[in-house]
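S.K.: Quick one: the structure is below, and I'll ask about it shortly.
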Amino acid sequence: MKKILVAFCVTIFLAACGDDSSSTSVNENSSDSKEISSSSVEQKEDSLSSHLDSLSCKTKTEDNCEYGSLKDDRDGQTYKTVKIGDLWWMAENLNYSDSVNTPSLLGRSWCYDNKPENCAAAGRLYVWSAAIDSVKLAADAENPQECGYGKVCSLPEKLQGICPSGWHLPINDEWRALVAEAGGDSLAGMMLKAKTGWNLGGEGIDGIGFSAVPTGRYKQGVFEYDNYAYFWSANSLGEENGLQQDPYMVSLMLLYSDGDESFLTSIDRNYGHAIRCVKN
């Protein structure tokens, strides 16, 4: 009986030791997994960093982007410009407001929160009929068109709108070309956003000199979404697919604070958004 009891105790002891060994083995494997996982994340981060560097003309120590300047003869304002791919873009938002010489702007453009300092920092917000200069289009002697809200019209590919002379409102394909230069939809937000001015840790790296800042928008008497940047396009997504122009919706480029993506989407023409112009 004693031999049986001793044997039983030894068996229990060995089993316990076996459990400890097994437990230790699991913990060691878990530690190894964490190290492998951490290493994998670091490799992905290094790969992303290298990819962004390959796309960028700006680094932490150098700025090799190709810049220029644009003077708007209508009001004397000067804008920084930047060449991205084959296109010259304004590197600042349009801030033109002369509603006497450009009646399309009357009651159709604003500074965010009606504060002039916001116009100085991020340009003005325009409804689409103001952006395309609908009054000028209607008064065209050769081809008068009503192109305001609820109207369908045929616009030229390079529509000046309220851009300075020699510049035009970008069409969707030009926005797509910009996004392609910035690494595609999933990275363009990070590449296009400025390094400062964004809340919620949403700053970009401004890798190609576009320097987008949050603009917010104007919607039916309310200023909102001050951590978003909205830029008008001259055409709609439906038109590209052979559909009739939507009389109420048009395309825009969207960047936002808490994401690295960019979006080419559709929005109501009567909202107020920012403008970036492209050189003819």
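S.K.: Report, by residue number, each residue of the stretch 103-117 that is touching an Asp or Glu at 6+ places or on another chain (Cβ under 9 Å) and buried (at least 19 other Cβ atoms within 10 Å of the Cβ).
M.R.: Hits for the stretch 103-117 are 104, 105, 111, 112.
S.K.: A further question follows. Among the residues of the stretch 79-119, which ones are within 30 Å of residue 184 (Cα to Cα) and either part of a helix (DSSP H, G or I) or over 20 Å from the mean Cα position of the chain (by Cα) (or both)?
M.R.: Passing the criteria: 112, 118, 119.
S.K.: Oh, and also: Taking the stretch 237-255 on its own, how many of its residues are out of contact with any Lys or Arg (no Cβ under 9 Å at 6 or more places or on another chain) and in a strand (DSSP E or B)?
M.R.: 3
S.K.: Go through 234, 229 for me and flag whichever is touching a Pro at 6+ places or on another chain (Cβ under 6 Å) and either of a type outside the set (Phe, Trp, Tyr) or not in a loop (DSSP other than H, G, I, E, B) (or both).
M.R.: Among 234, 229, only 229 is touching a Pro at 6+ places or on another chain (Cβ under 6 Å) and either of a type outside the set (Phe, Trp, Tyr) or not in a loop (DSSP other than H, G, I, E, B) (or both).
Here's the yes/no breakdown for (1) touching a Cys at 6+ places or on another chain (Cβ under 9 Å); (2) free of Cβ contacts under 8 Å to residues at least 24 places away in the same chain; (3) surrounded by fewer than 16 Cβ atoms within 10 Å (Cβ to Cβ); (4) within 30 Å of residue 153 (Cβ to Cβ):
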{"position": "179", "(1), (2), (3), (4)": "no, no, no, yes"}
{"position": "182", "(1), (2), (3), (4)": "no, no, no, no"}
{"position": "189", "(1), (2), (3), (4)": "no, no, no, no"}
{"position": "210", "(1), (2), (3), (4)": "no, no, no, yes"}
{"position": "221", "(1), (2), (3), (4)": "no, yes, yes, yes"}
{"position": "232", "(1), (2), (3), (4)": "no, no, no, yes"}
{"position": "245", "(1), (2), (3), (4)": "yes, no, no, yes"}
{"position": "255", "(1), (2), (3), (4)": "no, no, no, yes"}
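S.K.: Pairs needed: first member in the stretch 115-143, modelled with pLDDT of 95 or more; second member anywhere, assigned to a helix (DSSP H, G or I); C-beta distance under 6 Å; at least 6 residues apart or different chains.
M.R.: Close Cβ pairs (under 6 Å, with a partner that is assigned to a helix (DSSP H, G or I)) amount to 118/112; 130/104; 130/105; 133/104; 134/104; 135/103; 135/104.
S.K.: In this structure, does residue 194 turn out to be free of Cβ contacts under 8 Å to residues at least 40 places away in the same chain, buried (at least 16 other Cβ atoms within 10 Å of the Cβ) and either within 14 Å of the chain's Cα centre (by Cα) or on the phi < 0 side of the Ramachandran plot (or both)?
M.R.: Yes; evaluated as a whole, the condition is true for this residue.
S.K.: Restricting to the stretch 50-78, and then to whatever is charged (D, E, K, R) and within 20 Å of the chain's Cα centre (by Cα), can you tell me which residue is nearest to residue 161 (Cα to Cα)?
M.R.: 58
The values are calculated or read from the model by the stated rules, or taken from the named source; none is laboratory data. It should be emphasised that the depicted structure is a prediction, and the values quoted were computed from it without experimental measurement. Ideal geometry is used to build each Cβ from the backbone, glycine not excepted, and the neighbour counts take in all protein chains shown.
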